[in-house]
1. Pop a pseudo-label 7 angstrom from the Cα along the beta-carbon direction at both Asp110 and Arg39 and give the gap in nm to one decimal.
2. Give me the number: length gained by fully extending Val85 to His48, i.e. 0.36 nm times residue separation minus the C-alpha to C-alpha distance, one decimal in nm.
3. Could you work out the relative contact order of the stretch 55-120? I mean the mean sequence separation of Cα pairs under 8 Å and 6+ apart, divided by the number of residues, in percent.
4. Whole Å is fine, so just give me how far the alpha carbon centre of the stretch 88-120 lies from that of the stretch 56-80.
5. Can you work out the accessible area per residue across the stretch 73-120, with the rest of the protein chains kept in place, probe 1.4 Å, in square angstrom?
6. Sort 69-80, 48-59 by the packing proxy (mean of other Cβ within 10 Å over each peptide's residues), most packed first.
7. Give me a comma-separated list of calculated 3J(HN,Hα) values for the stretch 83-96, in order, Karplus coefficients 6.51, -1.76, 1.60 applied at θ = phi - 60°, integers in Hz, x for any Gly or Pro.
8. For a label point 7 Å from the Cα of Lys76 along Cα→C-beta, name the residues of the stretch 35-58 whose backbone N is under 13 Å from it.
Amino acid sequence: RAGQKKWGLEERAPRAPLEKTIVVYKFKGAGFARQQDARRALAAMIQHEREEAPVTYASSPLIFEAGDIGAVDQHKSIGSYNEAVKWQDENTVWQAHLKDILNSCDISPDDIQTTVAQTQ
């Protein structure tokens, strides 16, 4: 219509916070019963991160369209992400949750797809 402004997608969509590091993890899912075990272990892992990690970051569980599970994390910076990974590698409780997820999905750590991106 004449006189109406057309809004581009970039004008309508909310913007992601600038210079955040976003990490997406994807675990190949198993059958439904075992996937439920993996989801419980993932929820426990995220809760443990919230309570114990020395670095603050947001983490949310995901379910992908093919039924795979995973998580998306948001860090303040790549440095914050690296600190979180170091803590995860050294934390025995976090590692136990990861082992439960891997066993439930019948996969190895090499089967985890990890994508790291930075908002601009």
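The values are calculated or read from the model by the stated rules, or taken from the named source; none is laboratory data. Model, not experiment: these values are computed from the prediction. Reconstructed Cβ throughout: ideal geometry from the backbone, glycine too, with neighbour counts over all protein chains shown. With ligands, DNA and RNA removed, areas are computed over all heavy atoms of the protein, side chains included. Shrake-Rupley method; radii C 1.70, N 1.55, O 1.52, S 1.80 Å.
1. Spacing of the two 7 Å Cα→Cβ label points: 3.0 nm.
2. Result: 11.9 nm gained on full extension.
3. 19 percent
4. 11 Å
5. Per residue, the stretch 73-120 has 63 Å² of solvent-accessible surface.
6. With the highest mean Cβ count within 10 Å placed first, the list reads 69-80, 48-59.
7. Per-residue couplings from phi come out as 5, 5, 4, 4, 4, 4, 4, 9, 8, 5, 5, 4, 4, 5 Hz.
8. 54-58
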